[in-house]
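Heads up: the structure comes next, in structure tokens.
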């Protein structure tokens, strides 16, 4: 499968055992396609929700919860996914959690506090990590806890690099209670997005200071989660552990770039570049 989206992590890379690459591609294809239903294009919310309901129906058919003579939606997704789920004993409920998060993206644009945001991450990011742990047969409670920390940290990292992109989709993932505590308004985020830079002069100066304080807190939170989950890499098979370390290093590098940009994500979105991968690989090996 061609990976035609920018990702902060390798998808089915050569570090993965050959026997698992098809399974990872099947999981990625499901998650990416369903996520695009929620995010891409100009379809109205009711059409997006109807399409995501079809994904739910596909999972029900695979599990035998719906009549098996019903047409399977998106056969190019669900036919290989059925084999992968059966071969590796993957939980359909984890795929349903992903659909729940994508449905939420269609109808919910603001988050009141960390509790709401972390619940979203529990369904939008953590299931992917749990599916990977099931593939590796390493899904005891402690491994799942470490994996959840990594996945939530990566999801938050993605949110903070994408503030301007998400604003254009009428979404703000920064919790409202934190924004209000630091004096950061929706209107100011919108004006910065339209200006293509962080507005920090005149009447905007106090808000910009609050923005820097807010983003410093958010970056610290994401970094702490990634560091919390790092020991999981040592519990996985060598190549899998190395890939996971590479993923973590990618997240840490993005967080470092946010700091270097003084959190001006309106002018420049920090991304991973080809030149970064050798440095990330060295850090993954020796840190």
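Couple of notes before you dig in:
- Residues of segment 32-51 satisfying the condition of being surrounded by fewer than 21 Cβ atoms within 10 Å (Cβ to Cβ), touching a helix residue (DSSP H, G or I) at 6+ places or on another chain (Cβ under 7 Å) and under 19 Å from residue 94 (Cβ atoms): 33, 35
Rundown of residues vs (1) touching a residue at least 40 places away in the same chain (Cβ under 8 Å); (2) buried (at least 20 other Cβ atoms within 10 Å of the Cβ), yes/no style:
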| residue | (1), (2) |
| --- | --- |
| 248 | yes, yes |
| 259 | yes, no |
| 262 | yes, no |
| 267 | yes, no |
| 274 | no, no |
| 279 | no, no |
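- Qualifying residue in segment 214-227 (condition: in contact with a helix residue (DSSP H, G or I) (Cβ under 9 Å, 6 or more places away or on another chain), farther than 27 Å from residue 39 by Cα, surrounded by 19 or more Cβ atoms within 10 Å (Cβ to Cβ) and assigned by TED's automatic domain parsing to the domain that holds residue 141): no
- Members of segment 129-173 that are crowded, with 23+ Cβ neighbours inside 10 Å and within 10 Å of the chain's Cα centre (by Cα): 151, 152, 153, 154, 155, 156, 157
- For segment 73-103, filtering for residues that are outside any helix (DSSP H, G or I) and touching a residue at least 40 places away in the same chain (Cβ under 8 Å) leaves 4.
- Selected residue [within 24 Å of residue 148 (Cβ to Cβ) and buried (at least 19 other Cβ atoms within 10 Å of the Cβ)] from 208, 233: 233
- Of the residues contained in segment 123-140, none is found to be at positive phi and in the same structural domain as residue 43 (by TED's automatic domain parsing).
- Filtered residues of segment 92-122 (kept if in contact with a helix residue (DSSP H, G or I) (Cβ under 7 Å, 6 or more places away or on another chain) and farther than 26 Å from residue 184 by Cβ): 92, 94, 95, 96, 97, 98, 99, 100, 102, 103
- 1 or more residues touching a residue at least 40 places away in the same chain (Cβ under 8 Å) and under 23 Å from residue 37 (Cα atoms): qualifying helices (runs of 4 or more DSSP H) within segment 104-194: 114-124, 126-136, 141-161, 163-168
- When the test is whether a residue is over 20 Å from the mean Cα position of the chain (by Cα) and closer than 24 Å to residue 217 by Cα, residue 255 does not pass it.
The values are calculated or read from the model by the stated rules, or taken from the named source; none is laboratory data. Everything numeric in this text was worked out from a predicted model, so none of it was measured. Quick reminder, even Gly has a Cβ in these numbers, built from the backbone with ideal geometry, and neighbours come from all protein chains shown.
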